[in-house]
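The structure under discussion appears below in the form of structure tokens.
Readers should treat all values here as calculations from the given coordinates under stated rules, not as data from a laboratory. Remember, it's a predicted structure, so these values are computed and weren't measured experimentally. Neighbour counts are summed over all protein chains in view; Cβ atoms, including those assigned to glycine, are modelled from backbone coordinates with ideal geometry.
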Amino acid sequence: MVVRVSAAIRGAAIVLICSSAAMARSEIRAVHSYAADGATIVGAASMYNPYRPGYREGGTETASGERYNPSAWAAAIQTDLREKFGGVRRGNKASYALVEGINKKAIVKINDVGPLTWGRVIDFNEQTMRYFDPTLRLGLIHDIKVTPLKGNDWTPGPIAER
């Protein structure tokens, strides 16, 4: 009896693992199919947080009118790229982007503009930067790919690879 139960548990675990891997692959395919063609931008990413000393770029209110939230999956796109990411203006619906770098992928909400430092294409808030750099010691992350996503019904957060 015990052998049958443990075999059933192992079988259920295998089915669960296989289905989650398939779901992760289909989620990645879905994200790539909603990306704007040829719109990927590659550059450096940094972090901003107006509530922490030393990270004073920007204010506590974002360009979209939302209050800065260090725990959200959000970012500020370079001011020159504003139109490519849906305008990012007060009252506009949120725009989203697929961010890829350091063998990680995440969907982030683009709700602010910046960065104020030359050479950077995106500034992550604290939550997003911790995903790409858990120690927050890198300061800059080079070769980040940022791709605007069509639509406004995305769920921000990491995208699981297999």
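Classify the stretch 34-158 as rounded, prolate or oblate from the Cα gyration tensor: take a ≥ b ≥ c as the square roots of its eigenvalues, call it rounded if a/c is under 1.5, otherwise prolate when a/b beats b/c and oblate if not.
Because its axes are fairly even, with a/c under 1.5, the stretch 34-158 counts as rounded.
What does the extension gain come out to for K145 and W118, with contour length at 0.36 nm per residue minus their alpha carbon separation?
8.0 nm
Under a straight-distance cross-link criterion of Cα-Cα below 16 Å, which lysines are reachable from K104, leaving out those fewer than 8 residues away in the same chain?
Qualifying lysines at Cα under 16 Å: K145.
Report the charge-dipole magnitude of the stretch 34-158 in Debye, nearest 20, computed about the Cα centre from +1 at each Lys and Arg Cβ and -1 at each Asp and Glu Cβ.
Around 140 debye, computed over the stretch 34-158.
What number comes out for the charge environment of G65, summing +1 per Lys or Arg and -1 per Asp or Glu over other residues with Cβ under 15 Å away?
Result for the neighbourhood of G65: +3.
Counting only residues 5 or more places away or on other chains, whose amide H sits under 5 Å from the amide H of A74 once H atoms are built in the peptide plane?
For A74, whose amide H was placed from the backbone, the distant partners under 5 Å are K109, N125, T128.
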